[in-house]
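Peer 1: One structure, as structure tokens, below. Some questions next.
Coordinate-derived values only; no laboratory data. All values derive from a computational prediction rather than experimental measurement. Because the Cβ atoms are built from the backbone with ideal geometry, glycine has one as well, and the counts that use them run over all protein chains shown.
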Amino acid sequence: MSSLGAVLRPFRRLRRRVLLHRRPLAALTAAGAVLAVLQVSSPPDPATVEVWTVRRDLPGGTVLRRADLTSARFSPESVPADVVETPGAVVGRTLAAPMSRGEAITTLRTVARGLLRGYPGTTAVPLRITDAAVVDLLRVGDRVSLVVADPDGRAAPRVLLEDVAVVAIPDSEGGLGNGTPGRLIVAAVPTPSASEVAATAATSILIPVWER
């Protein structure tokens with residue numbers, strides 16, 4: 001009997017421990033069962049695709065670098081039809097309009113450096129013409145002067161640019177985003193004044209004047 005008691009003694013101790021902890025064990029088992037049910041019943045993660053976006057807010061006229069771009073996951077139905085597939089497709093090109101951080105970059109958003117071939121010493125600057133109908137009258141290659149007007153009427157109109165070439169007129173279907181009126185043209189602006197012109201144009205009304 002003593003031998004049998006020695007054999008059974010560990011099992012008795014184990015039984016007492018199990019009985020002592022039966023409630024926590026039961027709760028743990030129940031939690032595991034609930035977790036298993038949730039994992040089985042949870043829907044799969046929605047499908048996403050990789051899209052190239054801008055890493056930070058960028059003004060129009062920015063020449064894109066690889067460091068300006070990053071990838072993000074988009075739902076397939078939210079991806080623009082003309083989104084670029086690789087950074088190399090837009091690196092070195094110029095933004096035709098401002099872009100916000102995280103916005104998908106498309107081919108319509110950029111213009112090529114080749115636009116300035118034949119215009120040495122200039123920079124391609126996107127300029128928003130408030131009256132979209134006026135842009136319909138322009139053609140690539142036209143030379144225009146641009147009059148700037150204060151939208152609040154507090155300053156007299158003045159000439160911002162004289163005799164600059166229109167090197168691109170982006171497709172109107174691309175839009176300017178954020179409900180901004182008008183259309184863009186891209187002008188070959190003398191490089192020393194390109195930044196000042198872009199900053200002024202961003203907050204003013206531009207009126208092109210040209211001879212046909």
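Peer 1: Using DSSP to call loops (not H, G, I, E or B), can you name the GluC sites (Glu not before Pro) in the stretch 69-167 whose Cβ has at most 10 other Cβ atoms within 10 angstrom?
Peer 2: Qualifying residues, ordered by number: GLU85.
Peer 1: Viscosity 0.890 mPa s, temperature 25 °C: what is the translational diffusion coefficient of the stretch 44-111 from Stokes-Einstein with a Kirkwood Rh over Cα pairs, rounded to a whole number of µm²/s?
Peer 2: Here the translational diffusion coefficient equals 204 µm²/s.
Peer 1: A further question on this structure: May I ask you to list the trypsin sites (Lys or Arg not before Pro) in the stretch 86-172 that are in a DSSP loop and have at most 16 other Cβ atoms within 10 Å of their Cβ?
Peer 2: Answer in residue order: ARG101, ARG117, ARG139, ARG154.
Peer 1: I've got another one for you. Return the Rg/Rh ratio of the stretch 116-212 with Cα-based radii and a Kirkwood Rh.
Peer 2: With Rg and the Kirkwood Rh in hand, the quotient comes to 0.94.
Peer 1: By how many nm would the segment from THR70 to GLU196 lengthen if fully extended, with 0.36 nm per residue of separation less the alpha-carbon distance?
Peer 2: That works out to 42.5 nm of additional length.
Peer 1: Between ARG56 and SER100, with labels modelled 7 Å along Cα→Cβ, what's the label distance in nm to one decimal, could you check?
Peer 2: So the two model labels end up 1.8 nm from each other.
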